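In what follows, a single structure is set out as structure tokens and then discussed.
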Amino acid sequence: MSVPQNKTSSIGYPNLGNSLHLNRFQKSNRPNFRYTSVMAQQPKPSTQSPALNRLIDQLSTLPGVGRRSAERIAFHLLKNPQDQTVQLADAIRDFAVNLKICNQCGNATDTDPCPICSDESRDHQTILVVEKPSDIVQLETTGQYTGVYHVLMGRLSPLDGIGPGELNFEGLIQRVKKQKVREVILGMHPTSEGDGTALYLADQLSKQGVHLTRLARGLPVGASLDSVSKAVLGDAVHGRRRID
Ligand SMILES: [Zn+2]
């Protein structure tokens, strides 16, 4: 796919002369333009490799990767040994082809249902709701939770157009109805959007007669009172625990 003519890359072909790799593109794709005064006023046609443009276009779609970052990654890959770049491409292809979404909890998995949902020794009457699969990885490293999970695949964010219909809410409500769930733990991140998502879910689940809890918030281990924000300190006071 080539870049539209009015979107010529800021690091287009004329700046690429110092690299042996880039000279490859120069030799094969260099157009023979003769600039007239009229042409000089028009947008420059892309002189960059179509394959390079395609990679940059695709990398730019990743979260947190803008056009310039995508170009940096692409040129880093260009300098890499070819077999390393092919291994990366193979890993992405394997991920895209083989990774599944667990039809019970929404976790990313090689098997469906996922190993956690398949584990009979876990407490299937307790569901910890998280925003994304990586939250499960973090929680599992603690070794403190023995229930199962439910992945929303995001959080409510009206400004970004993410409403209840875009998240895996319905699957959770159906599980609560069908699986005799005793407790739902809301494990959203402590952000305004995470709080909004937790409030919405609490309202939806309140009709199901299930015990609702939320992960504790407050002072991090090792913190001193004068180094944490007022919000964290307020949460710590509100969520204080009895010393047994
Ligand atoms: Zn699962």
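The calculated FRET efficiency for the pair residue 217 and residue 157, based on their C-beta separation and a Förster distance of 25 Å, comes to about 0.80.
Modelled label positions at residue 180 and residue 54, each set 7 Å beyond Cα in the direction of Cβ, lie 5.5 nm from each other.
Computed with a 1.4 Å probe over protein heavy atoms only, the accessible area of residue 140 comes to about 70 Å². Peptides 110-119, 78-87 ranked from most to least packed by the mean count of surrounding Cβ atoms within 10 Å: 110-119, 78-87. Using the Cβ-Cβ distance between residue 65 and residue 141 with R0 set to 30 Å, the FRET efficiency from 1/(1 + (r/R0)^6) comes to roughly 0.65. Using the Karplus relation 6.51 cos²θ - 1.76 cosθ + 1.60 with θ = phi - 60°, the per-residue 3J(HN,Hα) values for segment 225-237 come to 4, 7, 10, 10, 6, 4, 5, 5, 5, x, 4, 5, 5 Hz, with x marking Gly and Pro. Please work out whether segment 90-171 counts as rounded, prolate or oblate from its C-alpha gyration tensor, where a ≥ b ≥ c are the square roots of the eigenvalues and a/c under 1.5 means rounded, while otherwise a/b larger than b/c means prolate and anything else oblate? Oblate is the answer for segment 90-171, as a/c is 1.5 or above yet b/c matches or exceeds a/b.
Under a model in which nothing but the beta-carbon of Lys, Arg (+1) and Asp, Glu (-1) is charged, segment 120-238 shows a dipole of about 440 debye around its Cα centre.
Ordering 169, 231, 153 by the projection of their Cα atoms onto the charge dipole of segment 120-238, which places +1 on the Cβ of Lys and Arg and -1 on the Cβ of Asp and Glu, puts 169 at the extreme positive end. Proximity of backbone amide H atoms, modeled 1.01 Å from N, is registered between residue 147 and 123 at under 5 Å, excluding neighbours fewer than 5 places apart on the same chain. Couplings 3J(HN,Hα) of segment 153-163, computed from phi: 6, x, 8, 4, 8, x, 5, 9, x, 9, x Hz, in residue order, whole Hz [Karplus 6.51 cos²θ - 1.76 cosθ + 1.60, θ = phi - 60°; x for Gly and Pro].
Computed log10 I(q)/I(0) for segment 120-238 at 0.09 Å⁻¹: -0.27, from the Debye equation with unit scatterers placed on every C-alpha and solvent omitted.
Taking a point 7 Å from the Cα of residue 203 along the Cα-to-Cβ direction, none of the residues of segment 124-140 has its backbone N closer than 15 Å to it.
Taking 7 Å steps out from each Cα toward its Cβ at residue 97 and residue 195 produces label points 4.7 nm apart.
The values are calculated or read from the model by the stated rules, or taken from the named source; none is laboratory data. Owing to the predicted nature of the structure, the values given are computational and were not obtained by experimental measurement. When we count neighbours, we look across all protein chains shown, and the Cβ atoms used for this are built from the backbone with ideal geometry, even at glycine. With ligands, DNA and RNA removed, areas are computed over all heavy atoms of the protein, side chains included. Shrake-Rupley method; radii C 1.70, N 1.55, O 1.52, S 1.80 Å.
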